[in-house]
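The values are calculated or read from the model by the stated rules, or taken from the named source; none is laboratory data. None of the values given here were measured: they were computed from a predicted structure. Neighbour counts are summed over all protein chains in view; Cβ atoms, including those assigned to glycine, are modelled from backbone coordinates with ideal geometry. When the accessible area is computed, the model is the full protein with side chains, heavy atoms only, and any ligands, DNA or RNA have been set aside. Shrake-Rupley method; radii C 1.70, N 1.55, O 1.52, S 1.80 Å.
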Amino acid sequence: MNILVIGPGAIGSLWAVKLQQDGHRVSVIARQTKSPYQVQFGEQPCSFRNHQIEDIRNADLILITVKAWQISSALSPLIHLIHPDTMLVLMHNGMGSLTSIGTLLQTHPVILATTTHGAFKPSPSRLIHTGQGETFIGAANEKGCQCQFLTDVLHHALPEVYWHHQIEHALWRKLAVNCVINPLTALHQCANGDLATPEFQGIISALITEITAVMIAENIPVSLEELTDHIHQVITATAKNHSSMHQDVFHQRKTEIDFITGHLIRTAGRHGIPVPENEALYQQIKALEKQWES
Ligand SMILES: NC(=O)c1ccc[n+]([C@@H]2O[C@H](COP(=O)([O-])OP(=O)(O)OC[C@H]3O[C@@H](n4cnc5c(N)ncnc54)[C@H](OP(=O)(O)O)[C@@H]3O)[C@@H](O)[C@H]2O)c1
């Protein structure tokens with residue numbers, strides 16, 4: 001297939017490399033450079049065509065791996081070049097980004113993806129696959145429903161990949177985990193595993209109670225007990241990891257809070273559900289971001 005990756009950061013480069021190694025013609029739209037995009041993966045130097053208009057026009061599949069808040073600015077200059085049959089896969093943390101691609105939703109097959117693979121770029125030209133994970137994909141619109149075959153394509157390149165008939169269920173589960181782990185580890189500048197200590201149990205339990213109420217109002221199949229177990233399992237399984245928001249705050253970069261806790265708060269508001277504990281974390285992260293901006 002002709003595959004274009006928009007935003008070959010850590011996770012985008014991992015998919016670009018794996019799909020190229022699997023025999024696909026992969027090119028990229030990278031921000032910094034118009035020359036070929038090169039990245040070292042282990043012993044393997046990988047090179048991709050970059051910023052070629054014909055690659056945008058001829059793409060069968062476009063993988064959009066920028067951060068949630070970068071989607072609109074990354075796609076807007078390219079929209080007029082993308083063929084209506086080109087499949088668009090949005091792979092990022094958080095929810096609510098579809099509003100920024102409203103027009104494409106009416107014309108193109110759109111697929112949402114969530115992954116637990118870990119990828120890290122210690123330098124602009126080096127890529128490390130830090131953790132094996134799994135990826136769920138599912139349709140965001142009617143045309144997207146016809147793209148189930150993509151599961152095999154992606155799975156062959158970087159397993160495990162599953163098709164989810166109600167992808168929003170998988171996205172909400174990931175959102176719930178992120179709403180707890182990301183802001184807490186960012187504000188306390190700690191590893192995920194530190195959230196298992198007694199001092200965090202009160203706040204974690206209060207956050208999960210609020211999140212569960214919102215998910216139930218959204219008709220997501222979940223219970224307080226099951227979600228609590230799931231989130232604690234993730235904390236244990238990723239104990240040594242530093243969350244993306246922890247890293248963003250450390251480097252004083254804009255975070256994805258508006259698409260994580262922000263999405264929860266907006267949804268809670270629509271249902272009239274109070275979420276004061278999540279709101280407090282949201283405000284603290286926004287205050288930090290404002291501080292850096294000024
Ligand atoms: N890394 C992981 O292990 C992982 C795992 C699961 C989910 N995720 C999620 O995946 C998403 C991407 O994460 P990431 O870690 O890969 O972040 P990242 O390394 O910052 O990758 C984003 C890339 O998009 C590029 N970009 C931004 N705007 C662009 C534009 N207008 N045109 C072209 N490229 C543009 C960035 O370029 P610059 O470098 O110039 O900013 C960067 O290379 C996030 O939502 C993250 O939460 C990541």
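The figures follow:
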| quantity | calculated |
| --- | --- |
| Some residue of the stretch 2-20 being more than 14 Å from the ligand (Cβ to nearest atom), surrounded by fewer than 23 Cβ atoms within 10 Å (Cβ to Cβ), in contact (Cβ under 8 Å) with a residue 40 or more places away in the chain and in a strand (DSSP E or B) | yes |
| Breaking point among (1) surrounded by 15 or more Cβ atoms within 10 Å (Cβ to Cβ); (2) touching a Phe, Trp or Tyr at 6+ places or on another chain (Cβ under 7 Å), for Gln189 | (1) |
| Failed item in (1) within 9 Å of the ligand (Cβ to nearest atom); (2) over 18 Å from the mean Cα position of the chain (by Cα); (3) aromatic (Phe, Trp, Tyr), with Phe48 passing the rest | (1) |
| Subset tally (residues that are without any contact (Cβ under 8 Å) to a residue 40 or more places away in the chain and in a loop (DSSP other than H, G, I, E, B)) for the stretch 178-231 | 3 |
| Cβ-Cβ under 6 Å pairs, at least 6 apart or on other chains, the stretch 22-46 side farther than 18 Å from Gly9 by Cβ, far side surrounded by 22 or more Cβ atoms within 10 Å (Cβ to Cβ) | His24/Ile3 |
| Residue in the stretch 93-144 that is farthest from the ligand (Cβ to nearest atom), counting only those that are without any contact (Cβ under 8 Å) to a residue 60 or more places away in the chain, in a loop (DSSP other than H, G, I, E, B) and buried (at least 18 other Cβ atoms within 10 Å of the Cβ) | Pro109 |
| Residues within the stretch 21-41 that are part of a loop (DSSP other than H, G, I, E, B) and modelled with pLDDT of 95 or more, tallied | 5 |
| Among the candidates His246, His230, residue that is in the same structural domain as Val177 (by TED's automatic domain parsing) and more than 13 Å from Leu175 (Cα to Cα) | His246 |
| Condition met for Ala191 (in contact with a Lys or Arg (Cβ under 8 Å, 6 or more places away or on another chain) and more than 16 Å from Ile265 (Cα to Cα)) | yes |
| All positions within the stretch 77-92 that are within 9 Å of the ligand (Cβ to nearest atom) and either open to solvent by 50 Å² or more (accessible area, probe 1.4 Å) or within 16 Å of Ile56 (Cα to Cα) (or both) | Pro77, Leu78 |
| Residues being in contact with a Leu (Cβ under 8 Å, 6 or more places away or on another chain) and assigned to a helix (DSSP H, G or I) - total across the stretch 67-92 | 3 |
| Sole exception among (1) surrounded by fewer than 20 Cβ atoms within 10 Å (Cβ to Cβ); (2) within 11 Å of the ligand (Cβ to nearest atom); (3) within 19 Å of Gly133 (Cα to Cα) for Gly42, by number | (2) |
| Count - residues of the stretch 268-284 that are surrounded by 15 or more Cβ atoms within 10 Å (Cβ to Cβ) and not in a helix (DSSP H, G or I) | 2 |
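Residue-by-condition table, conditions (1) part of a helix (DSSP H, G or I); (2) open to solvent by 40 Å² or more (accessible area, probe 1.4 Å):
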| residue | (1), (2) |
| --- | --- |
| Lys240 | no, yes |
| Asp248 | yes, no |
| Thr255 | no, no |
| Arg266 | yes, yes |
| Lys286 | yes, yes |
